[in-house]
Amino acid sequence: MHDHHDHDLTFQADHDTGPASPYEVLEHAIRELLVEKGVLTNAEISEHIDKMATRNETLGAKVTARAWTDPEFKQRYLNDTRAALASMDIDIGDMAEYRVVENTPRIHNVIICTLCSCYPKLLLGYPPSWYKSVTYRSRTVREPRAVLQEFGVELPDGVEVRVHDSTADLRYIVLPMQPEETTDWPAEKLMAKISRDSLIGTSIPT
Amino acid sequence: MTMQTGAAPKFQPGERVRVDSRPALGHCRAPLFIRGQTGTVVTVHGTFRDPERLAYHQPGLPPQNLYKIRFKQTDLWLDYTGSPNDELEVDVYENWLLPATN
Amino acid sequence: MSQKKNELRSTAPDNTVHDVGGLDFGNVDMQEHDLAFWERRVDAMIVILANNRGAFKIDAMRRVIESYGEQQYDATTYYEKWCRALRNLLVEQGVISRDELAAKLAESRETMRSASRDVSGDDVPWNEGVWNEETNNS
């Protein structure tokens, strides 16, 4: 069923260069066995990788800019994230439910997964290395302000930090506050203000 | 895993609950740093298959109610250096929650 | 990786090498790198097998990773952990056998060499990151 684009995945010479590590050899061997046994196809793997390439910071910025400019969409994004994303043709699959936490003048939200690295991948793509690191995972629950400071985020007094540890079937996305001076900006221009990190809570749009 | 239908939740938003301090016998999604700690139910997320069973190729039934529990950071860490208002929220399955005793 | 390790971890029960919340591993390294293609393929295989094939649940992958010893856990990258767990689970579930895999690994090494790619190191061990002939060849 996928033979319309049966990529040769054996090597991607432009990217997988240098000596192959034992893990790369293991990946190759596992994949060859699974394909030989008809468990999966190289085309399915390609399709998944192609799909993941469309899930990234830009997509997150597009959704966030829409929430900033469309109050009806914002309510849906906060109350029924799956439906709101589906209305923008973003399918979040059935691995997890997504939830949006909104920053306010009093509350700054930060997302983390202490046990592994749960992340809203089907919106934001693969998580950055630091999100998966034991440094971020270990310290953010105990000293979030110190970790935020390392990211260059200084929170004024009176702003509460609320850390969300993604331990279960929910993936969290931060809805940052729109910078005041951008009030009348169209969504497309706003997108430039929205970084991936601001949707995890380790950055604040300015 | 996405939501399943299951039993009514034992706890309601606003209720104080304590995370059980028993050791995990295997795969477990209640992190050590909240075991034995008391927090407040913020949200009842609905019921989900039990990861402690799914991890061993079982169907994960009965499904567990899942809750968002809010902890005060100053309750969790004696040496907490941020604001006394700082909070931490963790999603916890019902089989790790007990009514708070204090 | 910084190893400013908190004592909590050494006193924790077994199977909690991953449970690092509240420990201190030092400053966050913010350097980022694009995933290699083999890492993307590991990610894709796991999602396809867990979602579309029901070969196992993602919870089982986590359980395998959590069973690594501390040395193995700390010394391997994210997708190295997942790749190794994928292998273990496929064997555990009877999708592939150890013998088949051993034969295919030898073929894969040859395929890579014949495409002018050196292959470094021994095969990924089965236990604890320590080479053990008996467990690796069984």
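The values are calculated or read from the model by the stated rules, or taken from the named source; none is laboratory data. No experiment lies behind these values; they were computed from the predicted model shown. Positions of Cβ are backbone-derived with ideal geometry, glycine not excepted, and every protein chain shown enters the neighbour counts. SASA here: full protein model, heavy atoms, side chains in, ligands and nucleic acids out. Shrake-Rupley method; radii C 1.70, N 1.55, O 1.52, S 1.80 Å.
Looking across the range B:12-29, the residues that are within 14 Å of chain C (Cβ to nearest Cβ) and of a type in the set (A, V, I, L, M, F, W, C) come down to B:V19, B:A24, B:L25, B:C28. Note on the range A:103-132: residues that are closer than 22 Å to A:L155 by Cβ and open to solvent by 10 Å² or more (accessible area, probe 1.4 Å) amount to 5. Taking the conditions exactly as written (within 11 Å of another protein chain (Cβ to nearest Cβ), at pLDDT below 85 and open to solvent by 70 Å² or more (accessible area, probe 1.4 Å)), does C:S116 satisfy them or not? Answer is yes for this residue. Listed by first and then second residue, the pairs linking a residue in the range B:91-102 that is within 13 Å of chain A (Cβ to nearest Cβ) to a residue that is of a type in the set (S, T, Y), with Cβ atoms under 6 Å apart and 6 or more places separating them unless they lie on different chains, are B:D91/A:T167; B:V92/B:Y67. Taking the range B:21-43 as the range and being in contact with a strand residue (DSSP E or B) (Cβ under 6 Å, 6 or more places away or on another chain) and either among the hydrophobic types (A, V, I, L, M, F, W, C) or open to solvent by 30 Å² or more (accessible area, probe 1.4 Å) (or both) as the test, the residues that pass are B:A30, B:I34, B:R35, B:Q37, B:T40, B:V41, B:V42, B:T43. Of the residues making up the range B:54-73, at least one is polar (S, T, N, Q), under 20 Å from C:D19 (Cβ atoms) and either at pLDDT 95 or above or assigned to a helix (DSSP H, G or I) (or both).
Rundown of residues vs (1) modelled with pLDDT under 95; (2) open to solvent by less than 20 Å² (accessible area, probe 1.4 Å), yes/no style:
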position: A:F11; (1), (2): yes, no
position: A:A53; (1), (2): no, no
position: A:V63; (1), (2): no, yes
position: A:Y77; (1), (2): no, yes
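In the range C:41-70, the residues that are within 7 Å of chain A (Cβ to nearest Cβ) and surrounded by fewer than 20 Cβ atoms within 10 Å (Cβ to Cβ) never reach a residue that is polar (S, T, N, Q) and part of a helix (DSSP H, G or I) with C-beta atoms less than 8 angstrom apart, at least six apart or across chains.
Against the conditions (1) away from chain B (no Cβ under 14 Å); (2) within 21 Å of B:L32 (Cβ to Cβ); (3) hydrophobic (A, V, I, L, M, F, W, C), A:L170 satisfies every one except (1).
Does A:L85 count as open to solvent by 30 Å² or more (accessible area, probe 1.4 Å), assigned to a helix (DSSP H, G or I) and in the same structural domain as A:S195 (by TED's automatic domain parsing)? Against the criterion (open to solvent by 30 Å² or more (accessible area, probe 1.4 Å), assigned to a helix (DSSP H, G or I) and in the same structural domain as A:S195 (by TED's automatic domain parsing)), A:L85 does not qualify. When the range B:77-102 is filtered for residues that are among the hydrophobic types (A, V, I, L, M, F, W, C) and either part of a loop (DSSP other than H, G, I, E, B) or crowded, with 21+ Cβ neighbours inside 10 Å (or both), the ones remaining, listed by number, are B:W77, B:L78, B:L88, B:V90, B:V92, B:W96, B:L97, B:A100.
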